[in-house]
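Novice: Got a structure for you, questions after.
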Amino acid sequence: MRQRLVVVGNGMAGARTVEEILRRGGAEQFETTVFGAEPYGNYNRILLSGVLAGAEDEAGIFLNGLPWYAENGVTLRAGIRVTSIDRAARQVRAADGSATGYDKLIIATGSRPFVPDIAGAREPRRGFHQGVFCFRTIDDTRRMVRYARDHEHVAVVGGGLLGLEAARGLQAHGLRVTVLHAAGHLMNQQLDAQAGGILRRSVEQLGIAVELNARTAAILGTDAVTGVRLTGGRDLPCDMVVIAAGVRPDVELAAASGLPVGCGVLVDDQLRAAADVYAVGECAEHRGRVYGVVAPLWEQARVLADHITGADPAAAYTGSRVATKLKVAGVDVSSMGVVAPAGDDEFVVYAEPGRGVYKSAVIRAGRLVGATLVGDVTRSAFLVQAFDRDVPLPADRIDLFFDRGDGGGAALDPAQLADDAQICNCNGVSKGTLAQAVGDGANTVTAVMERTRAGKGCGSCKSLVGEIVGWAAGGAATVDPSDSWYVPGIPLAKPELMAAIRERRLTSVSAVFAALAPDGAEDAKSKMGLASLLRMMWPNDYVDERDARFINDRVHANIQRDGTFSVVPQLKGGCTTPAELRRIADVAEKYQVPLVKLTGGQRIDLLGVRKEDLPGVWADLGLPSGHAYAKSFRTVKTCVGADFCRYGVGDSTALGIAIESRFQGLEGPAKMKLAVSGCPRNCAESYVKDVGVVAVDGGRWEIYVGGAAGAHVRQGDLLATVDSPDAVLTLTGRFLQFYRENANWLERTYAFVPRLGIERLRAVLVDDSDGMAARLDAAVAESVAAYRDPWLEGGRPATDGQFRPSLPLIDLPLVPAR
Amino acid sequence: MARSTPTHCPYCSLQCGITVDVGAHRPTVDAQPDFPTNLGGLCAKGWTAADLLDHPDRLRTPLVRADPGDRRSPLRPASWAEALGRVAAAITGSQDAHGRDSVGCFGGGGLTNEKAYLLGKFARVALRTSAIDYNGRFCMSSAATAANRAFGIDRGLPFPLADVARAEAVLVVGGNPAETLPPAMRFFTDGLAAGARHVVVDPRATPTARAATLHLQPTPGTDLALANGLLHLAIRHGYLDAGYIAARTTGFEAVRAVANSYWPDRVERITGVPETALRQAIGILGTAGSALILTARGAEQHSNGTDTAHGYINLALALGLPGRPASGYGTITGQGNGQGGREHGQKADQLPGYRKLADPVARAHVAAVWGIDPAELPAPGPSAYELLDRLGTPGGVRVLLVIGSNPVVSAPNARHVLRRLRGLDFLAVSDIFRSETAAEADVVFPTAQWAEEDGTMTNLEGRVLRRRRALRPPDGVWDDLTLLTALADRLGRGKYFCADPEQVFDELCRASAGGPADYAGISYPRIEAERGVFWPCPGPGHPGTPRLFTEAFGTPDGRARFVPVEHREPAEPPDGEYPHVLTTGRVLRQYQSGTQTRRVPALTEGTEPTAELHPDLARRHGIGGGDLIELRTRRGTARFRAAVTDTVRPDTIFAPFHWGGQASVNALTSPALDPKSGMPAFKACAVAVRRLRTDEVDSPIRTDEPDPSEER
C-alpha cells in the first residue's frame, strides 16, 4: 500500500523534491499529488528575465511540462491553490472545494513579492492598479510584455537584482526606464557601496536612469498611471510601474494551520516542520536562514528525498553557502558569502571604475569567505570553488582576480634553456643531448633526430629540435634540407626531383619511391603529391596507381560531410542550353538528388549523390566532368560580355569558354580558379582569381595572377596587358605550366606568386628572360592534348570496388596541410 | 644472420608497428616507418621494449614454495611437472571440498586474443567455475557498458585513428595521449596544423591539454556535470542536429529535460570551469563540420563512470556525430589488448564475440563450438573487485590463477587486496617477472614474452593485428596457451584444448561468429596481407569495418539510445580530515603496474615515484619541491617525492599508479564501485597530505616490496 504524499507548491523547490523522490524509487512508495497555484508545469524562474527581454523563448524555460507528471504517475493539480491544511484530519483543502488526504505533506509555497506601502498601488478589493506590476511569475511577465507595447516610461521600484533585471528587460521593449532605489547604492544586499557605484555607472551607460535614496510614496493617476510621488514630495512622470522590492517567504498557509513560523516555516535538519509535515525551498527557515537562490533549494530537495524515502536515513541538511552569478541589466555580477570584512579579515579590492570593473575578496584565517565581482566575472569559477571547497588561495592575492597564465607564448630561446631541459618528452631527450649529437657530427635536424630519437614519438617538438640544432651548430645554422623537399618521403627539392624523374623516366609513384626514396621505402604522405607531379610531367605515359589518390580523385567527385558526393558537370564559362538543363533536371529527379545548387563558379552542383550512383549519374548527364573535386584547373567564371551587356568592351564569354576548352582538367599542385570579365567593372571577379582576365578599352586584355577570395583574400598582380584573345590563351597556359612545375605541393597561386614576385614572373613569362617560354608552351600543349574526361570511367570502373558503397579498408592518404 | 620480424610494440593499445631485429647481438626494436597508427613514431617505452627479453630478472623456471602450504617459506625452482602437479592438486582438492566456484581465474588486458579466449574457455570448460574476471574491469568497463547500451556495440574507436586528423573539432575528456600513446599525437598535431580546434578536459595541464586550442580544468569527478552543461548550451545555441536525432536515435526528450537544469553558472560552480570556457567549447564543437568526442580513464574511472560516458555520448548524439565522416564518439582504450581482451570471454558475464553469458542463444552457440552441453556452462560471476574482495572468505574463491596481471599494485584499495590474496588457500601466478603478486604465490609459472609468441591483438580502433614470433623463449619457459592446455589435461579436460595459436584463433573466430565482435572472416594470412582487419568481419569475403554506424547502430532497432544521467557528488568528497582530492594516472616512461617498465634502466634512471601538487596547496602544508610527502586516505598511506607545479589544480593531488611498496597509490584509492560497470573510483577520493619529518625519511622510497608496516 503506497503512502499518500501531497506537495503544496510546484515551483523549483517543490518539483525538484518530487524529481529527487522519484529518482530514489519513490513511485513505489508514494502516491504523489502536487498542487501548483500556476496552471503550468514547472519552469526555471531564473530565466523569466530573459523571457521579459525577449531573449528567451517561453517554451524553453520549462523544466518539466504537463505531460511529465502523468508519465511519472504524479497527479498535478495545476492552477489550484491550497487554502488550508487540516493536520488533525491529515488533509489539505483547495480552492476548488476538494479535500486531499495525506500521509506525508511537503510545503513548498515559495515566496511572494514584497510590496512596500505605496499609496494607490493596490486596493484591498480591486487588487493592483492596472498600470502597476510585480515580477514573479510567467503570467506577470506576459502581462508586463503586453502592457509595455503601448506605454513609454516605466518606473521600476527597487534597485536590487530583480528590479535591475526588470529594468533591462523592459528597456528591450523600447521603454524609457527609471529605477527608484530606496538604499544608497544598487544591489545593496550583495554589493558594497563602491561596487554598487560602479554598477550604477554601467547601468546608466545602458540608458537606464537610476535614482538612489528614492522611496516611492504613491502612484499618481487613477485609471492610468501618470507618475509616482517620492517621499520627499518630488513627482516623477511615468505611465507604468513595476514593483520589484524583494520577496518574502509565503507562509500564510503554514501559519494558518498552526505550524511554527518565523520569517519562514521553521524546519529542522530533515526539513521537518512537524510530524509528517515538511517545508522546503524559499518558504523554509533553517537555522535562522531563508534561502532565495536555487542551489540551496536543490540541496534541501536532495536531503528531504533521502530522508522521506529512507534512501539515506542519516541524511541531514546543515545549511548552504550562498553564491550567485547573474547578468544584471547587462552587467555581469558574481557574489558569494560576506560582502564586507570584519575584525581581522583580509580585504582585497581591485577597482577600475572607468571600465565598470570591481573585484573584492574577504579572507578569514586564510580562507575565502566572500567575494564580489562586477563587470569581469572570468575568475568566478575559481573563486566560487575556493569559497565552496576551501581551495588553497594564491599567495600573490592579485591571482585571485586575474588568471595571469604562465606567460606562455613567448618564443623559447635555445641559448637560454638549461642543458638538462627536456626537449622531447616522448623519448626523454634534453637540450644537452641534442647539442652533444651536433658536436658528434650530426649536422642536420634529421640526422640529430635519427641519432637521439628526439621528435620520433609524438613529433610535436620537431621545430624546437630544429632551433636547438641550429643554435648548437653555432650560427652556421644548419638548414634542414627536408624543408625544401617537395614531398616528405623523397629527399629532393622539386626541381631536382623533376630532373631525376625525367632522367630516369620514372612514370609511376611506386617507381619514384623505388628509385629515389631512402631504402626505396614508400611514404603514404608523399603519394598524392607525387601522383600530381607525375601526371603533369608525363601526360601520356603516367602509370596510374589508384591507392595514390585521395578519395575525391578516385571517384572523380567531391566527398561531402555525410559521405555522399557532389557532382558538378562542366558548363564552360558558366553557359548552358535548355537541353542540358533538361538532362540535369531529369538526373536530379531520377537519382533523387537532395539538393541542386548554383556554385560560386557559375556551375550547377548536384549534392548528395550516393557513391554507387555516380557512374549512372555521369552517363545520364552526358556532360563532361566539371572537375570540382580535384587539385586541378576548375572553372572559368565569365560575365555576359559584349553581346548583351551595355558596358562590355570585350567578348568575355567567348574567351572564357575558349580558356576552359583548352585547359580543362589540367592538374596542378592545387586547384586553379579563373575568370574573364568583359570590362573593368569586373562582374566575374577577375581580380581575385588564380588567373583573372579583364577586357579594357582598345580591344586589349589585362591578365592578373595570384588572386584569391576564399579563406585567404588577395588581389591578383597584373602580369601583362595583351592585345588579343589568342595572346591571353598563350600567356595563361605559360603561367599555369610554370606554376605547375615550380609550386610546392598544395601551394595556391596566392602564395606562389608573392613568393617568386610578380617582377620575376613577368621577366620569365612575358619577356622570356630565361629562354624557357617555348618549352613551357610546348609542355602545356602536351598536357592539353592528353586530356581525357575522367567521367568516362563511369562505364568502365578502374577497379572493382571503385564505386562500392563502403569506404575502402586501406587507410586513405590524407591531404597534408601546409 | 640478421632477421627482421614485423610485429607490434608490447605496451599500450596503440600497438605501434615495429620490427624486431635479431642477429648476432641483442635483439633491437625499430619502428615500421609507415604503419598507419604510429607512422614511424615510437615512445621511449617502445624503443626500449627489447631490453626485457634478456633481462636478468626474468623467470626461467617454475617456482614453488620450499614448504608446500607455507607461503612464507622461500620460492625454489621446480620442474614443470611438479609445479603443474601442485596446481592441479590444489584445484581438484578445493573443488571437491568447496565446489567449483571455489577456484577462480584473473586475467589481463595485455593478453593476446588467443590467451584471453583460452583463459575464458579454461574457466568455463576445464574448471567450470563462474569466478573469472580480469584487470580490464579497472580500465574499460564504464565506457564499454555505456557504449553497449547506447550503440549496441562496444568498439573503443568506431572509426580509424586517422580520423582524428580529419576532424575539424576534437573533444578529449580525461585523456592524455601525449604521454600515454605518444605516437598517436601525430594525428592530433596534424589536425591542429590543418586548422582543427581541440578541447581537452583534464584537471591537469598535461602536454595534451597544453597543445590543445582550449583546456578545461575541472574538479576531478565532475566530468558528467560538464557534459550536461555542454549539452545545455548546445540546446540553447541551436547546435542540435534535429534531423539526426529524429532519424537515428531514441530517448532525447528525457535527456533534454535533464540538461535543462545544467545552466552555465551552476555547472561553473560544480566543475570550476569558467562559463566563458564552456561557451567556447560548445562553440568549437557545435560549429565544426566534423567533430570527435573522446573519453578516457579520467572520465571513466569513477563511481559514476558509466553515467559520465553516457553524458558524452548524449552530447555526441545531440550534435549528430556518430556515424558521420570524421565524427563520432570513442573511448581511448589503454592496455595493449584492452579491446580484444574485453571481447572474448575473460569477463565475468561474457562469452567470445562479446556475447552475453546469460543469453541462452549465445550459450548454445559457444557450447556447440566447444563441443559441450550448454548446461555445463556456469552462470555469470562477480566483477573483478568483488571477486578479489571475497578471496578466501566464505563463499569466495579459495584457489586463484592469475595470468598477465598484477592486482597487488593495480587494484584499488591494494593493501586490502593483498590481505585477501594472503587469505587464499592457494595462489598460482603466470608472469615474466616476479611481480608483487607473483611474490605472494604458491606456484609461479614463467611465461613467454611478446617477441617470443604468435597471436593477435586488437588495437584501440578495433583493428585486429598479428603479433609475430621473432625468437624462441628461453629454455624452460612456456607460453600461457601451453600452460593452460597442460593444466586442462591434468584436470581431465585436455581434449577440449589446443596450444597452437593459429588453431586457437580459428576456433575463436568460429566462436565469435554472429556475435557483436564478429571475427569469423579474419585469419592470420588475411591480417598479414591487409596489415590488420577491422571487426566486425563476418565472412572471408567481407572487407572488415573501419567505420561503424554509418548506416545503423548495433541496437535491435538500429537507433542509438540517449540515456538521461545526473551529476552526483563523488563517492568520497573531501572533508575536514581529508581535505583534498586525490587523482591517479600515468606517466610517459612507465606502463601500468610497472612490472615491465620499472625493470628498464633507461626508463627509470633517476626517477622516483612523484606526486604533483599546486604551489598554493604546497605552501599551506609547508611542502617544497623535492620534499618527501605522505598521502593518507581512509584506506592507508603512501609516500612520494613532491613535485610542486601549477599544472595541477590547487585542490587536487596527482600521483601515478606504476609503483608498489611504499609508493603504491592504489593503497590509497577507493574501492567504491560504479554500480553499472563495476569500475572502481580510481580518479577521485579524499586525501590528506603532510611533509615527512627528517627522522621519518628513509630515502629512497622503497617500491620493491610491500610496506613493511603491513603485517602478514
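Quick note: the coordinates plus some simple rules give every number you see, no bench work behind them. None of the values given here were measured: they were computed from a predicted structure. Here the Cβ positions follow ideal geometry from the backbone for every residue, glycine too, while neighbour counts run over all protein chains shown.
Novice: Per 5 Å bin, what percent of the C-alpha pairs of the stretch B:270-384 does each bin hold, from zero upward?
Specialist: Result returned by the calculation: 2, 9, 13, 15, 16, 12, 10, 9, 6, 3, 2, 1, 0.
Novice: Could you calculate the contour length gain from A:Arg367 to A:Ala619, that is, 0.36 nm times the residue separation minus the distance between their Cα atoms, to one decimal place in nm?
Specialist: Contour length minus the Cα-Cα distance gives 83.1 nm.
Novice: Then there's this: Along Cα→Cβ, 7 Å out, is where each label goes; now give me the distance between the ones at A:Arg504 and B:Asp575 in nm to one decimal.
Specialist: 7.4
Novice: If you don't mind, there's one more thing I want to ask. Please report the relative contact order for chain A, taking Cα pairs under 8 Å with a sequence separation of at least 6, and give it as a percent rounded to a whole number.
Specialist: 7
Novice: Would you mind classifying the stretch B:590-712 by shape? Square roots of the alpha carbon gyration tensor eigenvalues, ordered a ≥ b ≥ c; an a/c under 1.5 is rounded, otherwise it is prolate if a/b is larger than b/c and oblate if not.
Specialist: In terms of gyration-tensor shape, rounded.
Novice: Same structure, new question: Less than 9 Å Cβ to Cβ from B:Arg26, Lys/Arg counted +1 and Asp/Glu -1: what total charge do the surrounding residues give?
Specialist: -2
Novice: Further, regarding this structure: Past the 18 Å Cα-Cα mark, which pairs from A:Lys637/A:Lys689; A:Lys525/A:Lys689; A:Lys431/A:Lys525; A:Lys597/A:Lys631; A:Lys611/A:Lys673; A:Lys525/A:Lys673?
Specialist: From A:Lys637/A:Lys689; A:Lys525/A:Lys689; A:Lys431/A:Lys525; A:Lys597/A:Lys631; A:Lys611/A:Lys673; A:Lys525/A:Lys673, over 18 Å: A:Lys525/A:Lys689; A:Lys431/A:Lys525; A:Lys597/A:Lys631; A:Lys611/A:Lys673; A:Lys525/A:Lys673.
Novice: Taking GluC sites (Glu not before Pro) as exposed when DSSP calls them loop (any state but H, G, I, E, B) and at most 13 other Cβ atoms lie within 10 Å, what is the longest stretch of chain B free of them, the sites themselves excluded?
Specialist: With GluC sites (Glu not before Pro) excluded where exposed in loops, chain B gives B:1-550 as its longest stretch.
Novice: Within straight cross-link reach of A:Lys327, meaning Cα distance under 24 Å, which lysines are found once same-chain residues fewer than 8 apart are removed?
Specialist: Cross-link targets: A:Lys359.
Novice: Considering only lysines 8 or more places apart in sequence, or on different chains, count the pairs in chain B whose C-alpha atoms sit under 23 Å apart.
Specialist: Taking chain B as the scope, the lysine pair count is 10.
Novice: Rounded, prolate or oblate, given the Cα gyration tensor of the stretch B:118-247, with a/c below 1.5 counting as rounded?
Specialist: prolate
Novice: Could you tell me which of A:Ala381, A:Ala751, A:Val338 has its Cα farthest along the dipole of chain A towards the positive end, charges placed at Cβ (Lys, Arg +1; Asp, Glu -1), taken about the Cα centre?
Specialist: It is A:Val338, whose Cα lies furthest towards the positive end.
Novice: Which order results if A:Ile490, A:Ile657 are arranged by neighbouring Cβ count within 10 Å, fewest first?
Specialist: A:Ile657, A:Ile490
Novice: What FRET efficiency would be calculated for the residue pair A:Ala94, A:Asp268, taking the C-beta separation as r and a Förster radius of 25 Å, to the nearest 0.05?
Specialist: 0.35
Novice: Next question, about the same structure. How far apart, in nanometres, would the label points at B:Glu530 and A:Arg248 be if each is projected 7 angstrom from Cα along the Cα-to-Cβ direction?
Specialist: Distance between label points: 7.8 nm.
Novice: Out of all Cα-Cα pairs in the stretch A:170-306, roughly what percent, to the nearest whole number, are more than 27 Å apart?
Specialist: In whole percent, the share of Cα-Cα pairs in the stretch A:170-306 beyond 27 Å is 45.
Novice: While we're looking at this one, here's another question. What number comes out for the charge environment of B:Ala618, summing +1 per Lys or Arg and -1 per Asp or Glu over other residues with Cβ under 12 Å away?
Specialist: Combined, the nearby Lys, Arg, Asp and Glu give 0.
Novice: In debye to the nearest 20, how big a dipole does the protein assembly as shown give about its Cα centre with +1 on each Lys and Arg Cβ and -1 on each Asp and Glu Cβ?
Specialist: It works out to roughly 1460 debye.
Novice: Could you calculate the FRET efficiency of B:Ser79 with B:Glu605 from 1/(1 + (r/R0)^6), where r is the beta carbon distance between them and R0 is 30 Å, rounded to 0.05?
Specialist: 0.20
Novice: If you add up the charges near A:Gly232, with Lys and Arg at +1 and Asp and Glu at -1, over every other residue whose beta carbon is less than 15 angstrom from its beta carbon, what do you get?
Specialist: +1
Novice: How big, on average over all directions, is the shadow cast by the Cα convex hull of the protein assembly as shown, in nm²?
Specialist: Computing the convex hull of the Cα atoms and averaging its projections yields 65.4 nm².
Novice: Using R₀ = 60 Å, calculate the FRET efficiency as 1/(1 + (r/R₀)^6) where r is the Cβ-Cβ separation of A:Ala275 and B:Arg419; round to 0.05.
Specialist: In this case the efficiency is close to 0.80.
Novice: Now for a separate question. Arranged by the count of other C-beta atoms within 10 angstrom, fewest first, what order do B:Tyr312, B:Tyr385 take?
Specialist: Result, fewest neighbours first: B:Tyr385, B:Tyr312.
Novice: Positive end of the dipole of the stretch B:46-178, charges at C-beta (+1 Lys, Arg; -1 Asp, Glu), about the Cα centre: which of B:Gly93, B:Val164, B:Leu52 has its Cα farthest in that direction?
Specialist: Comparing the listed Cα positions along the dipole, B:Gly93 ranks first.
Novice: Give me the Debye-computed log₁₀ of I(q)/I(0) at q = 0.05, 0.08 Å⁻¹ for chain B, equal point scatterers on Cα only, no solvent, two decimals.
Specialist: -0.22, -0.58
Novice: A further question follows. Mark the label point 7 Å from the Cα of B:Glu502 along Cα→Cβ and return the residues of the stretch B:351-369 whose backbone N is within less than 14 Å of it.
Specialist: none
Novice: Say each of A:Ala763 and A:Ala585 gets a label point 7 Å from the Cα, pointing the same way as Cα to Cβ; how far apart are those two points in nm?
Specialist: Going by the 7 Å Cα→Cβ label model, 5.7 nm.
Novice: Leaving out same-chain residues fewer than 8 places away, which aspartates and glutamates sit with a Cα under 18 Å from that of A:Lys104?
Specialist: Candidates past the 8-residue exclusion: A:Glu19, A:Glu20, A:Glu28, A:Glu31, A:Asp86, A:Asp268, A:Asp269, A:Asp276, A:Asp306, A:Asp312.
Novice: Report the extension gain between A:Asp403 and A:Asp643 in nm, rounded to one decimal, defined as 0.36 nm multiplied by the number of residues separating them, less their alpha carbon distance.
Specialist: So the chain would gain 79.9 nm between A:Asp403 and A:Asp643.
Novice: How would B:Arg634, B:Arg468 line up from fewest to most surrounding beta-carbon atoms within 10 angstrom?
Specialist: Neighbour counts put them in this order, fewest first: B:Arg634, B:Arg468.
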